[in-house]
Each structure stands twice: as C-alpha cells, then as structure tokens.
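The values are calculated or read from the model by the stated rules, or taken from the named source; none is laboratory data. On a predicted model such as this, the values are computed, not experimentally measured, just so you know. Cβ: placed from backbone, ideal geometry, glycine included. Neighbour counts: every protein chain shown. Ligands, DNA and RNA are excluded from the accessible area calculation, which covers all protein heavy atoms including side chains. Shrake-Rupley method; radii C 1.70, N 1.55, O 1.52, S 1.80 Å.
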Amino acid sequence: MTEIKVLALKQEGLNNAQDVLAYMGQQLEAMGAVRPSFIPAIQEREETFATGLQVHDYGVAMPHTDSDHVKKSTIAFMTLDQPVIFKQMGDGQEVPVSLVAMLALADAHSHLEMLQALMMLFQDQDLVKEAMAYSDSPENRDKVLKLVHKIIK
C-alpha cells in the first residue's frame, strides 16, 4: 500500500531543484520511507531524466528513482512559496515548478500507474489551484491530502 504525505505547503528557502529534492528526500528518510541512498539517486536521476511539466498555467515535477532506494512506498507532496526551475520532461526546457509530487515506490512496476494517476490529478485545474492557495498548517495539509485522495486512492 502506498502512503500519501503532504510534507509542506508554500515551503520557503528552496532555491533550485536540487534543494527541493534534498529537502523532500530528508523528510522521507526521517519517516523511514527511504534509504540514505535515495537523495543522491533521485538527484542524479533528475539530472538525466527530467520530471518537470508545464500543466495549464502551473509547473509541476514528479521526481522518482529506482525502487531499491525505497523501504516503504510513499508519495510526498509539497508546494513552494516561490517557483524553482526544473527541466521539462522530454525537451529539457526550463519549467518554473511550484508543486512537487515525489514518488518513493518500493514496487518498480507501480511507477507508470502512479505517474498516470498524478497526471490526472495535475489536469484538475481547480483542485491544483485550491491546493496551491493553502498556507502551511496541519489542518491545511489534511485538506490538501483530502483533495489528493479524490483522485489517488
């Protein structure tokens, strides 16, 4: 079973994609979801296979890496107070990203299915705009988690 977490809303102080990946990876490692090898692996993979996407009028990223770096399947969401540049999937263009869904999946075969579910989520403009509007608090993280669960079961 994949656990879904909202790590932070309108997270401040992250200046680039590598900072975002390290911050989120540290949170997942502290929860016991990933191995210490996860952060360098996800940073390296993002350099080789970019995961940024421009969807409607917002940028999203779906970083992920090999399942051998994962202990417990988790999808972690975070919104940023200021967009950071990720490279776009496929063409390497720069995308200002404000919403990140990091996949830490122990089952290598579940990546495609989960990426498809995330794309459905990101296509829902109203849902994404609502999630992006919340400031960080435990209550608001719960609200965003409920929004995500409307699409991802």
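Placing +1 on the Cβ of every Lys and Arg and -1 on the Cβ of every Asp and Glu, with no other charges, gives the chain a dipole of roughly 420 debye about its Cα centre.
Share of antiparallel DSSP beta bridges in the stretch 14-111, in percent to the nearest 5?
Numbers: 15 of 20 bridges.
DSSP beta bridges in the stretch 14-111 are roughly 75 percent antiparallel.
Length available on full extension from Lys153 to Ala133: 0.36 nm per residue minus the Cα-Cα distance, which gives 4.9 nm. Over what distance in Å are the Cα centres of the stretch 46-60 and the stretch 86-102 separated? Each part's Cα centre sits 2 Å from the other's.
Pop the C-beta distance of Lys72 and Asn140 into the FRET formula with R0 = 25 Å and round what comes out to the nearest 0.05.
Details: r = 24 Å, r/R0 = 0.98.
E between Lys72 and Asn140, to the nearest 0.05, is 0.55.
Where only DSSP H runs of four or more residues are counted, the chain gives -12500 deg cm²/dmol as its mean residue ellipticity at 222 nm, each run worth -39500 (n - 2.57).
Among the GluC sites (Glu not before Pro) in the stretch 1-92, those located in a DSSP loop and surrounded by at most 16 other Cβ atoms within 10 Å of their own Cβ are Glu12. Rolling a 1.4 Å probe over the protein heavy atoms leaves Met31 with an accessible area of roughly 90 Å².
Remind me, relative contact order of the chain in percent, using alpha carbon pairs under 8 angstrom and six or more residues apart?
Details: 286 pairs, mean separation 43.5, N = 153.
Answer for the chain is 28 percent.
Of all lysines in the structure, those lying under 17 Å Cα to Cα from Lys5, and not within fewer than 8 positions of it along the same chain, are Lys71, Lys72, Lys143, Lys146, Lys150, Lys153. Each residue, Gln26 and Asp91, gets one label point 7 Å from its Cα in the Cβ direction; the gap between the two is 3.5 nm.
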